[in-house]
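Peer 1: This structure is in structure tokens; I'll ask about it shortly.
The values are calculated or read from the model by the stated rules, or taken from the named source; none is laboratory data. Just so we're clear, the structure is a prediction, and the values are computed from it rather than from any experiment. All Cβ positions, even for glycine, are placed from backbone atoms using ideal geometry, and neighbour counts span all protein chains on display.
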Amino acid sequence: MQERKARSVITRVFVPAHVRDLPNGERLRVPGHYKAPPRR
């Protein structure tokens, strides 16, 4: 029960740095950042 409660407290999600391969062959470096959580 405590775990579920703690989860709802999180207001943002951290996205780790990664490399995205674009369809045109380009590579896009995405630095680590925070993004808004998905709203339901």
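Peer 1: Starting from residues that are basic (Lys, Arg) and either modelled with pLDDT under 90 or assigned to a loop (DSSP other than H, G, I, E, B) (or both), keep the ones in segment 25-40 and report whichever is surrounded by the most Cβ atoms within 10 Å (Cβ to Cβ). If you could, list the steps in order and put the result at the bottom.
Peer 2: Residues of segment 25-40 that are basic (Lys, Arg), as a first pass: 27, 29, 35, 39-40.
The next check asks that each one be either modelled with pLDDT under 90 or assigned to a loop (DSSP other than H, G, I, E, B) (or both); those that pass are 35, 39-40.
Working: LYS35: 9, ARG39: 4, ARG40: 3.
Per the stated criteria, the residue is LYS35.
Peer 1: Shifting gears a bit: Among the residues of segment 6-24, are any at pLDDT below 90 and among the acidic types (Asp, Glu)? Show your work before the answer.
Peer 2: Let us first name the residues in segment 6-24 that are at pLDDT below 90, namely 6-15.
In the following step, the residues that additionally are among the acidic types (Asp, Glu) were identified as none.
No: segment 6-24 contains no residue that is at pLDDT below 90 and among the acidic types (Asp, Glu).
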